[in-house]
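Scroll down for the structure; my scribbles are underneath it.
The values are calculated or read from the model by the stated rules, or taken from the named source; none is laboratory data. What you are looking at is a predicted structure, and each value in this text was computed from that prediction instead of being measured. Note that each Cβ is placed from the backbone with ideal geometry, even for glycine, and that neighbours are counted across all protein chains shown. Note: accessible area is taken over every heavy atom of the protein model, side chains too, but ligands, DNA and RNA are not part of it. Shrake-Rupley method; radii C 1.70, N 1.55, O 1.52, S 1.80 Å.
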Amino acid sequence: MTRALIYRGNDILLCCDENDVPFFPVLDADNCNSPEIMYFETEGTRYAVLTEKAAENVKEGFWIGLRESWGRLDPKSWNIAAKGAELAHFMRTNCFCGTCGTALVKASDISRLCPVCGREFFPALSPAIIVLVTRGEEALLVHAKSFRRPFYALVAGFVETGETIEECVAREIYEETSLRVTDIRYFGSQSWPFPSQLMLGFTARYASGTLRWADGELSDGGFFTRDSHPLLPTLPSISRRLIDAWLNGEVGRK
Ligand SMILES: [Zn+2]
């Protein structure tokens, strides 16, 4: 049996059973071997990643944003939807060879090939760091202009060519807040499909400097205590896991 992961931009198509529990539509066997479709397999189930045209074949489906589907889908299913979203993004953005401009053809379930120059294309990840900065018992929480809701979270940014991830942590904090940090430590990672990031979480301790929103990405923020902090993100992102580790006293205690 093949399940269909159908995407329209950042939305995914789900169906609901009689108890209002969402599930991925089952794919018609006749549509399973299209050269355009990408596939992956998880725990014995095959998933086909499709564009919105396939929605015509699904009865009583509904579109929901990938972010909004957290909570409707169980965590395992959400991870599957997230992986599919990254492949759908790859399908939309890798139609022609970046070297010679020829239309790409399917090479494998998860790659495309240029039939002229032979270059093979796989979904590319964008590594990014996210960091919880503590100063004594306090933590730095910031609001970025790009946040869609009025919560406060952590400094984050993309790793640049030629730098280590630790150098990236120090650079991003300095560029965005004018602060210097020390004791940079790896915390954990998370695949983040908006659209294809690998988030690498760190903790760091304040070393010196005065808060200033230097490069214009942040609009507000400061050092907060566990008893008095602003609204926090609700998605189970690594940002929230880092903040929870601080709230629980796992990090940021002397
Ligand atoms: Zn080519």
- Message: Between Glu41, Glu120, Glu56, Glu60, which is loosely packed, with under 14 Cβ neighbours inside 10 Å and within 16 Å of the ligand (Cβ to nearest atom)?
- Response: Glu120
- Message: Restricting to segment 87-142, name every residue that is outside any strand (DSSP E or B) and under 18 Å from Thr203 (Cβ atoms).
- Response: Gly136, Glu137
- Task: Report yes if Glu172 is over 30 Å from Ala88 (Cβ atoms) and either part of a strand (DSSP E or B) or not hydrophobic (A, V, I, L, M, F, W, C) (or both), otherwise no.
- Result: no
- List, please: which pairs have Cβ atoms under 6 Å, are six or more places apart or on different chains, and start with a residue in segment 107-125 that is over 11 Å from Met91 (Cβ atoms) and among the aliphatic types (A, V, I, L, M) and end with one that is assigned to a loop (DSSP other than H, G, I, E, B) and within 15 Å of the ligand (Cβ to nearest atom)? Val116/Cys100; Val116/Thr102
- Of the residues in segment 141-199 that are more than 21 Å from the chain's Cα centre (by Cα) and among the hydrophobic types (A, V, I, L, M, F, W, C), the one that is least open to solvent (accessible area, probe 1.4 Å) is Leu179
- Message: Whether any residue in segment 22-32 is more than 22 Å from Met199 (Cα to Cα), at pLDDT below 90, in contact with a Leu (Cβ under 6 Å, 6 or more places away or on another chain) and not polar (S, T, N, Q) is what I want to check.
- Response: no
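Pick out the one residue from Ala81, Ala107 that is touching a strand residue (DSSP E or B) at 6+ places or on another chain (Cβ under 7 Å), crowded, with 20+ Cβ neighbours inside 10 Å and of a type outside the set (Phe, Trp, Tyr). Spell out how you get there, then give the answer.
Numbers: Ala107 fails: crowded, with 20+ Cβ neighbours inside 10 Å.
Of the residues listed, the single one that is touching a strand residue (DSSP E or B) at 6+ places or on another chain (Cβ under 7 Å), crowded, with 20+ Cβ neighbours inside 10 Å and of a type outside the set (Phe, Trp, Tyr) is Ala81.
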